Amino acid sequence: MENSPIIRVENLKKYFQTSSGSLHAVDDISFSIEKGQTLGVVGESGCGKSTLGRTILRLQEPTSGKVYFNNIDVTACNRTQMKAIRESMQMIFQDPFASINPRMTVSQSIAEPLLIQKKGEYKNKEALNQSVREIMDKVGLAQRLVNTYPHELDGGRRQRIGIGRALALHPQFIVCDEPVSALDVSIQAQILNLMQDIQEEMGLTYLFITHDLSVVKHLSNHIMVMYLGQMVEYCESKQLFRNPVHPYTRALLSSIPIPDPKIKMHSIPLSGELSSPINPKPGCRFAKRCPYATDDCISADIPLSTIEPGHMVACIKSNTFRA
């Protein structure tokens, strides 16, 4: 029996009003994530990945659309209802300092969400300390660091604090917003392995945001490619790397470094200027940089089409690139 979706996003939009017009950061995106799985979200900086994650959690209010968590309409919840749901929906930030108070010790930072959400359960200080110690063990933080401040730690340990804070309330769903991009490569592998182990142990569901395709390949069950606020391709991870269809996806994959000097890379260069996400004109937003674009690409918006079960692409020439 297949898992039922724990997250369902329907026609989600997030626009920001600027002096020049409406900036379409997230524009009519729909998808679902089954329990215990990982959806990777990839794309260049500024494509709307982080805004998508924050809007799903209602850290930013959506302009329109729906987000369902376990069939509960999150977008319709009031403050009291959201506080209860917040225990089950958490976020790991790219910059640990975005979620860590520099004036708090390691133990205080991890204890904070417990005190906010479950204050009545921790009247006994020893019970709180025991929970903090268990979380520190889970994320690989030595007990000797319990009274240490963030500025005394390296990036990897600070990120472990951020992960610990996200895990403190035993969530079901976590938005991981480029959690390893600010870390050294050697530390990245440790954090990624830790997140995979925790996912298996706790049955977590991830929305994993990254610009590093080599990372998302090994973590994700499905991958969504975004470009200027829109989804341009969606399919299983293995299928995306085996048969990328959208020209933008193909260009991204061609830029992945090959760790063998004997193998020549065949990267696909992208020229032309970016389309403006402010009051975007009809048509494919990638058309100005696409080497295969024609007049048909800019005459009207390009809807997502299913080229095979589970594989959706927003390109009128999708049949040209199918394997």
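The table that follows gives values for the structure above.
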quantity: Selected residue (only one of Thr105, Thr75 is more than 29 Å from Met231 (Cβ to Cβ), surrounded by fewer than 21 Cβ atoms within 10 Å (Cβ to Cβ) and of a type in the set (S, T, N, Q)); calculated: Thr105
quantity: Positions within the range 120-162 being among the β-branched types (Val, Ile, Thr) and free of Cβ contacts under 8 Å to residues at least 60 places away in the same chain, in sequence order; calculated: Val132, Ile135, Val139, Val146, Thr148
quantity: Filter result (β-branched (Val, Ile, Thr) and under 15 Å from Leu57 (Cβ atoms)) within the range 74-103; calculated: Val74, Thr75, Ile85, Ile92
quantity: Candidate set: the range 274-323, residues that are basic (Lys, Arg) and assigned to a loop (DSSP other than H, G, I, E, B); chosen: the one nearest to Ile223 (Cα to Cα); calculated: Arg322
quantity: Any hit, the range 152-161, residues being surrounded by fewer than 21 Cβ atoms within 10 Å (Cβ to Cβ), over 24 Å from the mean Cα position of the chain (by Cα) and in a helix (DSSP H, G or I); calculated: yes
quantity: Members of the range 23-49 that are polar (S, T, N, Q) and modelled with pLDDT under 95; calculated: Ser45
quantity: Any hit, the range 222-236, residues being surrounded by 13 or more Cβ atoms within 10 Å (Cβ to Cβ), of a type in the set (Ser, Thr, Tyr), closer than 26 Å to Asn11 by Cα and modelled with pLDDT of 95 or more; calculated: yes
quantity: Selection within the range 22-55 - closer than 26 Å to Lys281 by Cα and of a type in the set (Val, Ile, Thr); calculated: Val26, Ile29, Val41, Val42, Thr51, Thr55
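The values are calculated or read from the model by the stated rules, or taken from the named source; none is laboratory data. Bear in mind that the values here come from a model prediction, so they are computed numbers and not experimental data. For neighbour counting, all protein chains shown are included, and Cβ atoms are generated from backbone atoms with ideal geometry for every residue, glycine included.
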